[in-house]
């Protein structure tokens, strides 16, 4: 009880309240502007929050994370453009509903579904996180921790890239960047090339790399590829509140999608975009009106938004209990927490159990605030979507530079951010994912340290005395996560199915790649 009371009392200050309101406003705005992703916003905000204490800083970052899941539904429904990748599936039924004069119903059901789904996922976090962390703390030694880090990295590689080779190269680049600086075991400098700023314990400033890869790179990409959307915002919202029939009809797709999203969220790197599409498809198959999905069925909106939002609790569970980022936003969160001296993983539940309670309370309060803000009939909501992007780009770049400078008060850090931004743009052109790079940079030192300890433990002992079945199981899963995509693509069945789905035409693929909407939804 003392832990719970301490965790809740930490939120009882004006500073925390102001930080939550700031995060709420930023999150809703981020979601409402297509192309400005939650990862980009959290990476940008992290540069400023590092000067705050951990609790106010977490209030800003977690509230942005939650609120973006509400704000991104607005452009998805009104202009058929996902505000963030998590709302891709929302466009399937949301925009057709808006064209039929049911935008208000779609927005309201989306808000209720998102709020309920996140709350369900937080129950899972509250129930599952402590047992998972306890098991990991009691039974995970250096071999198991090393294997777990390798598994988390390979899962992100397998999911985030169409090419396993490019994903592996991205992960290796991240691991290489993680070796720069002082080697903790010996105190030797590695790969600093005489640059004093790289000779510290941190080595490459990972906050600058994160802001560059997820913020500046996305900004540069939008500036080079932006095409004005031909879809005009739907100004007639129509009826706002759903009737009893619509509420009852939402129960079944909500239940199916909540289960899909909760399970998907527990898988490292499987974000809301994947969960939303899977949840929408599962609900369609189970619905009596499945043939109307994609044509403006409110059940489709409920299913997609429930599934994508339900991933938040699972993502938080893997991040806090195991130290493996559940998605790209959580990767940024880990970077910020490390700067604050907090190490996500099993030890966090022992050293700072009150902080886990505080984070849970922040997420719940953020859901309540985001739901209330989403249900307001904001007359300027449609006009907001007409804001030209070229007004946003200079402001975002300026905030990126100021936020990065604030982390170290060094111009060198800003230079690293700009280099990472240009490199990130090049990676986008080459379709090399940024996620494995960041994960390798963050988790590489942890993997190296635990591997060194494992080799010391090995000594003259037999292999199976050191490497337990759990560790070998994680390594086997890591290998499978890399090999299965390759085998699936070489399978004649999958090749034939992919050809049939695309109509067997290479033109379809190239047209898809040039679709402006795709540029707006990439992380």
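What follows draws every value from the coordinates through simple rules; no lab data is involved. Bear in mind that the values here come from a model prediction, so they are computed numbers and not experimental data. Quick reminder, even Gly has a Cβ in these numbers, built from the backbone with ideal geometry, and neighbours come from all protein chains shown.
Taking the fewest neighbouring Cβ atoms within 10 Å as the starting point, the ordered list for 396, 211 is 396, 211. Of 285, 141, the sequence from fewest to most neighbouring Cβ atoms within 10 angstrom is 285, 141.
For the stretch 420-458 and the stretch 84-118, compute the distance between their C-alpha centroids and round to whole Å. If we compute the Cα centre of each part, the gap is 36 Å. Centre-to-centre, using Cα atoms only, the stretch 39-58 and the stretch 270-326 are separated by 27 Å.
Sorting 14, 340 from the fewest to the most surrounding beta carbons within 10 angstrom yields 14, 340.
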